[in-house]
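Nothing in this text is a laboratory measurement; each read-out follows from the coordinates by a stated rule. As the structure is a prediction and not an experimental result, all values here were calculated from the model. Note that we place each Cβ from the backbone using ideal geometry, even for glycine, and neighbour counts take in every protein chain shown.
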Amino acid sequence: MAFPCTRTLGCGHTCGGVRGEARCPPCLNAHCFRADPPRLNGTCPICLESHDEELSIQLECSHIYHYDCITAQIERRWTGKRVSFEFLHCSLCLPDARPVQHNVLNDILAAPAEMFLTIAMEAMKHLVADNPGVNVMELEKTRDLSTRFFQNPMALAMATYSFYQCSMCERVYFAGTVQCEDQMVMEDDSSPFVCTTCTQTNEAVVSLQSEYMCRCQMS
């Protein structure tokens with residue numbers, strides 16, 4: 001739960017941010033004569049409501065979100081079945097995909113950030129294993145200036161491999177390449193994903209997804 005900041009800005013208006021911020025956002029009062037014109041009628045990128053309607057925070061990338069909206073985005077995590085981390089990125093910074101960073105969000109970001117690092121390291125292991133004898137920095141995509149993978153093999157690894165969260169034990173497991181997944185025809189997309197360990201210990205579990213997601217790599 002966030003509490004309103006009680007600081008008074010140089011313009012004389014009360015800060016529209018939250019208590020505990022290392023730095024207050026610019027004045028969000030729509031009638032402030034000192035307001036930055038691009039932010040004068042600014043809206044939250046998530047709910048599209050005015051900034052002065054709710055407590056707002058300015059991320060380190062400079063974009064401003066309602067505090068409740070950005071925290072809800074982080075808590076919802078990924079929206080599809082495949083584990084992804086777009087929810088940790090500022091939507092207005094794409095395609096640069098700059099991370100959501102703010103000192104009052106550190107606690108809520110800790111767990112998903114740790115999960116990202118664990119999965120990223122696992123993805124890197126597979127990228128190295130699938131390219132024996134090749135420096136991953138010398139792969140075609142990591143040498144291509146026109147791609148987001150330039151000198152960023154971790155981003156390439158994360159885009160190459162799929163990871164899912166088991167619906168039973170909630171562990172995240174390696175599920176193969178995105179390319180293989182995209183070529184699959186899933187007849188029942190509503191069935192849950194189940195890791196191999198849970199499939200083997202629960203004879204009643206029968207689903208196309210549990211057969212495809214065949215290697216439980218992470219404990």
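Are there any GluC sites (Glu not before Pro) in region 96-141 that are in a DSSP loop and have at most 10 other Cβ atoms within 10 Å? List them by number.
Filter output for region 96-141: GLU140.
Please list 100-108, 129-137 highest first by mean number of surrounding beta-carbon atoms within 10 Å per residue.
Result, highest mean Cβ count within 10 Å first: 100-108, 129-137.
In the P(r) worked out for region 1-157, what percent of Cα pairs fall beyond 19 Å?
Considering region 1-157, 61 percent of its Cα-Cα pairs are separated by more than 19 Å.
How high is the FRET efficiency from LEU92 to HIS31, r the C-beta distance, R0 22 Å, rounded to 0.05?
That pair, LEU92 with HIS31, gives E of 0.35.
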